[in-house]
Amino acid sequence: MAVEPLIYELGKSGRRAVKFPKPTVPETPLPEKLRREALNWPEVSEIDVIRHYTRLSQKNHAIDINMYPLGSCTMKYNPKINEAVARYPGFARLHPYQPESTVQGALELMFDLQEMLAEISGFDAVTLQPAAGAHGELTGCLIMRAYHAERGDTGRTKMIIPDSAHGTNPATARMAGFQVVTLPSDDRGNADVDKLRALVGPDTAGLMITNPNTLGLWDEHIAEVVEIVHGAGGLVYNDGANFNAILGIARPGDLDIDIMHYNLHKTFSTPHGGGGPGSGPVGVRKELAKYLPTPRVRKITEGDDVRYEWFRPEATIGRLHSFNGNFGMHVRAYCYIRMHGAEGLRQISEDAVLNANYLMTQLRDRYEMPYDRTCMHEFVASGNLQKQQHGVKTLDIAKRLLDFGVHPPTTYFPLIVPEALMIEPTETESKESLDYFIDAMRQIADEAETTPELVTSAPHTTETKRLDEVGANRNLNLRWQPEAAPEREKEAVAAD
Ligand SMILES: *Cc1c(COP(=O)(O)O)cnc(C)c1O
């Protein structure tokens, strides 16, 4: 394009969005230290600002624009009512240092959310404090450590993790001081129980398992897996990021699992993906409740009098987050759960599983399905055929999907599937959106055969084309600078 759109250099000296009236109080200058003469703010009118941010928002893909089948991330639609409720001043304007007596409504909401999450998952106690799934994993690992330490069982240094696990699991276990032992999957995509039997022993702290796993499969031997680990004196952690598949159908607590995190920003529709912040509450069975992070909320009933208060669990592992976690996310998840009710939650999972199976059956004649059995809320296809026969890689397929206005699936994960395409449609897509995705994927399979260079050179319609991802990683630069920065701005930067 010859004429570049106006993007950044919008400022003109003297332009204003707001005109403030003259102050009616004496002016007090800021202390010298806080003043930055060289601060080179752009001077813009209101419409410039609105257009700037609207334009920026359109450069990225979002669930509010089109389908976002990013496997493992559960990029479902986030109902706008969650946002409306989270913005109620009675929630949004609270300060975490306010006395308990003035925030009883917020405490009641947190207490009820703890109870609802416990009920949905079959656990006895829940903390809302962790800020993400991985943070929940850390909480769980620290609880395992505290549990063994309190029993004087200090030789338990190893955490067993299936090779289909999310990358955060081994990273977290390591951060919590455990050695990671990898458990291979069997050819149906389950944790290999014979190998597990050989791995467990007096040095086993526990096992972290994602179920349904990252192949989108329910582990057919989960009861046996739990029994083997418990038999060796270890604890079982369930990575609950895939909870969207089993709401109202199966409860990990009923399977004797000890600890699990929930991703409110996946299953319970609080925004994520650039939109955060996240929230990763953790549920535990009764014996482990005393280790949960402090503080937790409890309900005190005296006659007709009900009140809520903070308390410190007896053997707490301490604080995992400032204040009480990301409260705004608790409000959104609470709203979502109350809006759906028990039957609605079950319907969510049934629809999520149905949608994923529909896509899988409609694509299996064009794409390899390395684990071709009924899937849960997601499935893993492979671009192996396209790569072997036409030199079109999974990365190319993913990039080509962008031209259809669809966010690509997760690629090259899980690691045990070559050229993996991990697809999770979620329950919020209509039959028409699913069919659109199927048509796009089938057309790309056709193109790989007839015009492979169309796919290998994609995307063709997006704002930016192929990015230098390695370069971006190695030379991380998060600070935008105007190209023709005035001298004083450069000096200010140099002085930083
Ligand atoms: C997303 C995810 C995580 C990590 O959750 P974050 O909230 O991103 O930290 C862990 N395990 C699985 C299977 C996931 O999909």
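No value in this document is a laboratory result; all are computed from the given coordinates. Just so you know, these numbers come straight off a predicted model, no measurement behind them. Backbone-built Cβ (ideal geometry, glycine too); neighbour counts: all protein chains shown.
Key figures for this structure:
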| item | result |
| --- | --- |
| Estimated FRET transfer efficiency when R0 is 60 angstrom, pair residue 198-residue 22 (beta carbons, to 0.05) | 0.15 |
| Added length on full extension, which subtracts the Cα-Cα distance from 0.36 nm per residue, residue 412 to residue 50 | 126.5 nm |
| The stretch 347-474 - charge dipole about Cα centre, Lys and Arg +1 at Cβ, Asp and Glu -1, debye rounded to 20 | 440 debye |
| At R0 = 41 Å, FRET efficiency that the Cβ-Cβ distance of residue 43 and residue 64 yields, to 0.05 | 0.85 |
| Distance (nanometres) between label positions extended 7 Å along Cα→Cβ at residue 149 and residue 351 | 4.5 nm |
| Spatially proximal lysines relative to residue 158 (Cα-Cα < 22 Å; intrachain offsets below 8 disregarded) | 195 |
| Computed label-point distance, nm, for sites residue 322 and residue 101 using a 7 Å Cα→Cβ extension | 2.8 nm |
| Links that overshoot a 32 Å alpha carbon limit, given the list 266/431; 266/399; 12/80 | 12/80 |
| Within straight-line cross-link reach of residue 76, aspartates and glutamates at Cα separation under 18 Å, skipping those fewer than 8 residues along the same chain | 64, 350, 351, 378, 424, 427, 429, 432, 435 |
| Taking the stretch 81-340 and dividing mean pair separation by its residue count, relative contact order in percent (alpha carbons under 8 Å, at least six apart) | 27 percent |
| For the stretch 11-69: rounded, prolate or oblate by the Cα gyration tensor [a/c cutoff 1.5] | prolate |
| Student exercise, the chain dipole from Lys, Arg, Asp, Glu Cβ charges, in Debye to nearest 20 | 1580 debye |
| Estimated [θ] at 222 nm from DSSP helical runs (n ≥ 4, -39500 (n - 2.57)) normalised by residues in the chain, nearest 500 | -11000 deg cm²/dmol |
| Amide N proximity, the stretch 437-460 versus residue 389 label position 7 Å along Cα-to-Cβ, cut-off under 17 Å | 441-456 |
| Sorted by Cβ neighbour density within 10 Å, fewest at the top, the residues 110, 208, 116 | 116, 110, 208 |
| Gain upon complete extension [residue 220, residue 306; 0.36 nm per residue less C-alpha separation] | 26.5 nm |
| Ranked packing of 318-328, 299-309, most packed first, by mean Cβ within 10 Å | 318-328, 299-309 |
| Rel. contact order, % - alpha carbon contacts under 8 angstrom, at least six apart, the chain | 18 percent |
| Pairwise label distance in nanometres, residue 175 with residue 287, each label 7 Å out on the Cα-Cβ vector | 2.7 nm |
| Percentage relative contact order, the stretch 243-290, counting C-alpha pairs under 8 Å, at least six apart | 36 percent |
| Ranked list, fewest to most other Cβ atoms within 10 Å of each Cβ, for 45, 185 | 45, 185 |
| Where N is the number of residues in the chain, Cα Rg divided by 2.2 N^0.38 Å | 1.11 |
| Cα lying deepest toward the dipole's positive end in the chain, options 369, 166, 279, charges on Cβ | 279 |
| Net lengthening on full extension, residue 468/residue 362 (0.36 nm per residue, minus Cα-Cα) | 34.8 nm |
| Set of lysines with alpha-carbon distance to residue 299 below 21 Å, sequence-local pairs under 8 removed | 286, 290 |
| Sequence of 59, 399 once ranked by neighbouring C-beta atoms within 10 Å, starting from the fewest | 59, 399 |
